[in-house]
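Worksheet: the structure to be examined is printed underneath.
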Amino acid sequence: MDFNITDDRRMLSESLRRYLSDQYNAETRNSVAYVAPYHSPKHWQEMAELGVLSALVKEEDGGFGGTGFDINVVFEELGRALCPEPFLGSLLALQLLASFNTSKDANKEIAAIVSGEQLAAVAIYEPHAPDSLSDIATQATQAGEQWTLTGEKTAVYGGPSATLILVVAQTADGLGLFIAEPSAQVAKANIDGGGTSSMSFNNTAATCIATSAQAEIEKALDTGRLALCAEAVGTADVLLEMTIEYLKQRQQFGVVIASFQALQHRLVDMAAEVVQARSITVLAAAKLDEEDASRHVALAKNLIGRMATLVAEESTQLHGGIGMTWEYSGSHYSKRLIMLDHQLGDRFNQVNRLLKMAS
Amino acid sequence: MDFNITDDRRMLSESLRRYLSDQYNAETRNSVAYVAPYHSPKHWQEMAELGVLSALVKEEDGGFGGTGFDINVVFEELGRALCPEPFLGSLLALQLLASFNTSKDANKEIAAIVSGEQLAAVAIYEPHAPDSLSDIATQATQAGEQWTLTGEKTAVYGGPSATLILVVAQTADGLGLFIAEPSAQVAKANIDGGGTSSMSFNNTAATCIATSAQAEIEKALDTGRLALCAEAVGTADVLLEMTIEYLKQRQQFGVVIASFQALQHRLVDMAAEVVQARSITVLAAAKLDEEDASRHVALAKNLIGRMATLVAEESTQLHGGIGMTWEYSGSHYSKRLIMLDHQLGDRFNQVNRLLKMAS
Amino acid sequence: MDLSFTTEEQAFRDEVRSFLDTSLTPELAAKGAANLELTKTDMEQWHALLNAKGWLAVTWPVEHGGTGWTAVQRHIFEEECAIANAPRIVPFGLNMLGPVLIKFGSEAQQAEILPRILNGDDWWCQGYSEPGAGSDLASLKTRAVRDGDEYVINGQKTWTTLGQHADKIFCLVRTLAEGKPQRGISFVLVDLATPGIEMRPIKLLEGGHEVNEVFFTDVRVPAGNLVGEENQGWTIAKYLLTHERTNIAGVGFATRDMGKLKELTKQIKRNGQYLSEDTLFMAQVVELEADLEAMRITNLRMLQSANDGAAPGPEASMLKIKGTVIRQKINALYRSALGPHAAAMPQDAIAHDGLPAEAINAAATYFNNRKLSIFGGSNEIQRNIIANDILKG
Amino acid sequence: MDLSFTTEEQAFRDEVRSFLDTSLTPELAAKGAANLELTKTDMEQWHALLNAKGWLAVTWPVEHGGTGWTAVQRHIFEEECAIANAPRIVPFGLNMLGPVLIKFGSEAQQAEILPRILNGDDWWCQGYSEPGAGSDLASLKTRAVRDGDEYVINGQKTWTTLGQHADKIFCLVRTLAEGKPQRGISFVLVDLATPGIEMRPIKLLEGGHEVNEVFFTDVRVPAGNLVGEENQGWTIAKYLLTHERTNIAGVGFATRDMGKLKELTKQIKRNGQYLSEDTLFMAQVVELEADLEAMRITNLRMLQSANDGAAPGPEASMLKIKGTVIRQKINALYRSALGPHAAAMPQDAIAHDGLPAEAINAAATYFNNRKLSIFGGSNEIQRNIIANDILKG
């Protein structure tokens, strides 16, 4: 049993933290996070060179990381800095490509993503299938050698800046995986910082990666959920720290408000949940390549959803008005924590998944 | 709009409160509440003479009350005194008899119950149907003029002291209502003070009141749920008061513990829920004879279940060890509040009922 | 005990409904339904419609041009307006300054200012909070120094809601530096056109501009703009806080929002079924409905006490806490229902087939309404007030 | 990062399991499974079995007859014992007095008392709390006055767990009336057979007799029974509180209870289906499972810090809070699952077909375990400790 991270990961974590704090401060963040394509190519390239993307890929697939712990280290730092760059979409794409890494193409594509040359995203969810694979309506049709796709996709994380778009669509064999350019795209920052697309496919020509990819898609989603958990832990940790600092300096009634016991006890309850969130995320990371990964990821994302809501709402309340202003960076941390629960299945979606797994 | 109770009800409420406080103090209560048959005939008779039972019956059925507000007034007082007498079972029986008050028999039986001559209970639930009518397995069989019943009943409130037992059983027409003596009975105080029975019927001869009584049973259950809500309001009100008094006199660290802000705020949250519980109980009482009674009762019993748990657990915690001792009467108040949620469908059962009503 | 309204009250409700039916423009109602930001013109238009009907000053006595309504009538009016998606009455002139002037103002002030509020000649805003004086309002530092026939004001106010539309501001200012901090506060009226005033927007986390900072540098105000006596400001502020908080529970808004939430669950699909069939989600909804129904009655019970002449006590604080928490929970569930289609800021919502128009504002409304438990005396301050009352004696 | 136990630790776990398989009697395991009250003989029997194996004093170093186990080994042992439904080790002699004597006791005290604890010759109980000194332990009033070679003790202790079985009691007593209250406290050993001691049972709300009051009237105790220096008692008490709280999170108990809860949901029927198919109920269960799994890791993380030599800090307080709350919630759900068949007191349970044996104790266990968040430093005190740590500097 060893809860220390390896030297390699510590170095990555430290260099990423230093990079983000030097090069991606709150001002830069806000200027990137809310303006399409919600992505800074310069910073992206620099982080690729730092090895951030290859840390998300296993050695056998051409990276130098790819385990749950690697994902944790990277996303916790991204969360700490509230970094809006499209790492989530890239992670999902890298996972899926690695799952089908028998072809040279996939290998080449992984290398291109890791180097920062290509930017990838995965189109999974749809207007009427916002958090489940069971109702995907986008259809893949084969005519001779040529596949075409027709359907609507939403919640494509990293879509606005992606140069390579993987698409999940129905085939005769189940859910397949394709590469295609959308016929129309709307780019937004609806998860609060970081780009999301909705996309249309209308008899769009597509390259088929696999006609039956359900298990691999589920696996990629679990990996993405773990990444969101780690991101939330980083974000909550910083927000908690900011809240503590604020309570220690803010004076009312002639004393610092940190001296009010009712606020102290609420602060402690927040802190305890952040500790718990970190623990369950570590567990989910450790289990990521095991058979019961999905269960542990669902437990983690559920607890994270509850923690994120508690920490965000309590932090806002304990700050008072200042915690609601755009100018105070803590408000963006709480906003991000709230929106994060909406991604890849919220707290209740995880419960439903767990109940399905148990039955 | 008028939230004042009528003079008649105020008189009843005051005389019942005075009677219970003079004649049914904590010591008496504990000596009755935990020893079979969990009932004091002397006190029962005196309360019948006070008009407590006839207040539960409508004028057209021979009483002088019977509205939701009458039930509220009576059961709130019973709750305040933690009175273990079998009023809940009597209320259910009176309601059911009144529903079938076309025969002279029913009229006579109501009069006998109201006068204290007979003591009635209703056997509804079963080992595998603890809070729903949909799985009642007790069977009623007709041979010639004679009905017989076979099955197991549990959670018969007031069963241990009852002289008249109404039984719900399956007939060809649905759920029917019968009068029968059980072939075997186990008497306990499992709801904490007040008797409950489990009963067996084994080809037991029975008198048929109705072969199709589902709607009337549901209505009686709603009435019983309202009574439990009112009882909980009374119990919680007193427990809150006791908790406030304790915090004001208990000293630690050289000050009364009421001066600790964290405890103050928790006390306020308890108080707010008690206010809300009273409000929703008033609403359910007002709606009891209207079409949407069931919905309002379910909303009330749900909120009451949450309130009761909160007030009981917080009160125990705020008291510390003393709140866990048999000798301190507050502990019986919190115990009763916890067990009350188990009766006639708990918080979650009410949610399920509400979802069924809505769909 | 009788929970129904009297015949007169029911007739009044009908009258309000029919007024709203005929007078509330579809454009305003549509904006309200979608929780869209109202323009200054929108609000002025609504005020004018109400004023024409004589229903604008719901907290004023008849002799000053108000409705003279009972607490119950006000409740009915506010509930019907909320359900009809009518704009809120902007409270600063009508529900805050007006009652203060009627209670503490000179006859001259009443005669000059009250009609201008009714007619919409002046838009008032509030100068109470300061960067260092939020929950602890008495520690405010903005100074007003008497200089001949004038006060000279220096300092800074913040959280001034809709100040960007305002012509005038009423302020709490410090007129005495010594003694208990509550003692040296005065209530002063200031024309925003006076030299030395600068109003700066505060952008909120959901991107909206609703509140402002106001800076005062050597702002000279006629001494006649003082309301009441010098150093009587704290009494006036307390009067406002405890006596004129109409609609503190926001039952009407909560009812409207609950209706929208339930509507939404019939429009959103998850796992191949409508959200209205999702047990876990709907369990949250029905428990919240129970809380709301209870609060409706709690509110009526307290209105009755008010009608019966009881002094408003800690009950108002309890309503503030429950009312704001229930509204915030409804907002949270509405946001949560949208899953990945919720957008933190309206401009980032992605419209698609099956999403109702107001979904665009779901998360922004949630974020904006975090203010409900912070402003008007934070819920922590309310808990202190109630605890004081419970534990006294 | 590696969450699996080392090969040695895994081998140790296997050894514990096989010991439990062979040595834990079915009678004891059955009582544990049903949460039945254990007799004194039950507990002594279990202690003797452990002592024979050399596994009784899990917190003592080897030289005193202890196991010398690491924090991780203790955790594994405790978890396996809980899951196997083994009795708890009665902590007063073994996990409380023992470590105190090893740290502060004289060689004579160690030589005399420690073997008697191991052999079961003495059953110790604890005299800390008093009616007026609960959370505020330093305010204790029981006086010990030196009189020649003896101390004369007068006063009252309370919440003395299992005192009815005990031969001896270790007490915190006041030996100095002046100065800071913490200064004048001493740690003294008392034979319960000494004249002037009366032990009275305290009946708890679920009907059980687990705790007692102890009255001291002119009780004369040899001065040699003082542990450490006079007036060093507070240091000793704090040592006990912060250094020897093994198993504070109770992960093993929680795991066992969670297993029973999930088992129960497959046995109880509601609405024609097993509770395990009830979405609302099972949602509570799985969220609690998430909390428990998280706490399991939190506990291991803190054990590792302890193994690595870090001083126990506010983490122990956090584990106390989360651990007790999670166990209480599991108890609450178990109770709640039984619907109207739950009984506040065991003797009032109504057995029927389909109810497992331990259902009889469901509500009593729930009520009894309300103590978890009260004793050993209430959760409010723990929050104060953590807040102090978080906010310092």
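Summary of computed values
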quantity	calculated
Which numbered condition residue C:138 misses (of (1) surrounded by 20 or more Cβ atoms within 10 Å (Cβ to Cβ); (2) more than 30 Å from residue C:62 (Cβ to Cβ); (3) touching a residue at least 60 places away in the same chain (Cβ under 8 Å))	(1)
Residue list for the stretch A:261-277, filter: more than 7 Å from chain D (Cβ to nearest Cβ), crowded, with 21+ Cβ neighbours inside 10 Å and under 29 Å from residue C:180 (Cα atoms)	A:263
Flag for residue B:311 being buried (at least 23 other Cβ atoms within 10 Å of the Cβ), touching a residue at least 12 places away in the same chain (Cβ under 8 Å), part of a helix (DSSP H, G or I) and within 11 Å of chain C (Cβ to nearest Cβ)	no
Residue in the stretch D:126-144 that is within 22 Å of residue D:248 (Cα to Cα), of a type in the set (A, V, I, L, M, F, W, C), within 21 Å of the chain's Cα centre (by Cα) and modelled with pLDDT of 95 or more present	no
Scope the stretch C:287-314; condition at the interface with chain B (Cβ under 8 Å from one of its Cβ atoms) and free of Cβ contacts under 8 Å to residues at least 40 places away in the same chain; matching residues	C:287, C:289, C:290, C:291, C:293, C:294, C:301
Inter-residue pairs, beta-carbon under 9 Å, first in the same structural domain as residue B:82 (by TED's automatic domain parsing) and in the stretch B:230-259, second crowded, with 19+ Cβ neighbours inside 10 Å and not hydroxyl-bearing (Ser, Thr, Tyr), 6+ apart	none
Any hit, the stretch D:10-33, residues being closer than 25 Å to residue D:331 by Cα, exposed (fewer than 13 other Cβ atoms within 10 Å of the Cβ) and outside the structural domain of residue D:349 (by TED's automatic domain parsing)	yes
The stretch C:22-36, subset free of Cβ contacts under 8 Å to residues at least 60 places away in the same chain and more than 25 Å from residue C:355 (Cα to Cα), residue nearest to the chain's Cα centre (by Cα)	C:23
Whichever residue in the stretch B:95-107 is part of a helix (DSSP H, G or I) and free of Cβ contacts under 8 Å to residues at least 12 places away in the same chain and, among such residues, is surrounded by the most Cβ atoms within 10 Å (Cβ to Cβ)	B:105
Every residue from the stretch A:8-35 that is exposed (fewer than 14 other Cβ atoms within 10 Å of the Cβ) and farther than 16 Å from residue A:77 by Cα	A:27, A:31, A:35
Within the stretch C:67-84, considering residues that are part of a loop (DSSP other than H, G, I, E, B) and at pLDDT 95 or above, the one farthest from residue C:52 (Cα to Cα)	C:84
Meets criteria (among the hydroxyl-bearing types (Ser, Thr, Tyr), at the interface with another protein chain (Cβ under 9 Å from one of its Cβ atoms) and farther than 29 Å from residue B:347 by Cα) for residue D:373	no
Residue within the stretch C:346-367 that is in contact with a Ser or Thr (Cβ under 8 Å, 6 or more places away or on another chain), closer than 18 Å to residue A:345 by Cα and at pLDDT 90 or above present	no
Strands (runs of 3 or more DSSP E) contained entirely in the stretch A:108-162, each with at least 2 residues that are facing chain C (nearest Cβ under 10 Å) and either within 29 Å of residue A:192 (Cβ to Cβ) or at pLDDT 95 or above (or both)	A:146-157
First in the stretch C:181-206 and not assigned by TED's automatic domain parsing to the domain that holds residue C:130, second anywhere and surrounded by fewer than 17 Cβ atoms within 10 Å (Cβ to Cβ), Cβ under 9 Å, 6 or more apart	none
Of all residues making up the stretch A:327-359, the number that are assigned to a loop (DSSP other than H, G, I, E, B) and either at pLDDT 95 or above or surrounded by 24 or more Cβ atoms within 10 Å (Cβ to Cβ) (or both)	8
Scope the stretch C:85-107; condition among the basic types (Lys, Arg) and part of a loop (DSSP other than H, G, I, E, B); matching residues	C:88
Out of B:181, B:216, B:231, sole residue that is among the acidic types (Asp, Glu), out of contact with any strand residue (DSSP E or B) (no Cβ under 8 Å at 6 or more places or on another chain) and modelled with pLDDT of 95 or more	B:231
Candidates C:110, C:126, filtered to the one that is of a type in the set (S, T, N, Q), crowded, with 23+ Cβ neighbours inside 10 Å, in contact (Cβ under 8 Å) with a residue 40 or more places away in the chain and touching a helix residue (DSSP H, G or I) at 6+ places or on another chain (Cβ under 7 Å)	C:126
Residue in the stretch A:138-153 that is touching a helix residue (DSSP H, G or I) at 6+ places or on another chain (Cβ under 6 Å), crowded, with 24+ Cβ neighbours inside 10 Å and under 30 Å from residue A:45 (Cβ atoms) present	no
The stretch D:207-236: number of residues that are among the small types (Gly, Ala, Ser) and either in contact with a Leu (Cβ under 8 Å, 6 or more places away or on another chain) or assigned by TED's automatic domain parsing to the domain that holds residue D:364 (or both)	1
Given (1) surrounded by fewer than 21 Cβ atoms within 10 Å (Cβ to Cβ); (2) within 14 Å of chain A (Cβ to nearest Cβ), index of the condition residue D:79 fails	(1)
Test: residue in the stretch D:339-359 that is more than 7 Å from chain B (Cβ to nearest Cβ), surrounded by fewer than 24 Cβ atoms within 10 Å (Cβ to Cβ), closer than 20 Å to residue B:323 by Cβ and not aliphatic (A, V, I, L, M)	no
Which numbered condition residue A:250 misses (of (1) surrounded by 21 or more Cβ atoms within 10 Å (Cβ to Cβ); (2) within 13 Å of chain D (Cβ to nearest Cβ); (3) within 18 Å of residue C:371 (Cβ to Cβ))	(1)
Residues of the stretch A:169-197 that turn out to be more than 17 Å from the chain's Cα centre (by Cα), surrounded by 24 or more Cβ atoms within 10 Å (Cβ to Cβ) and within 23 Å of residue A:117 (Cα to Cα), as a count	2
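The values are calculated or read from the model by the stated rules, or taken from the named source; none is laboratory data. Since we're looking at a predicted model, the values are computed, not measured. Cβ sites come from the backbone with ideal geometry, for glycine too, and all protein chains shown count toward neighbours.
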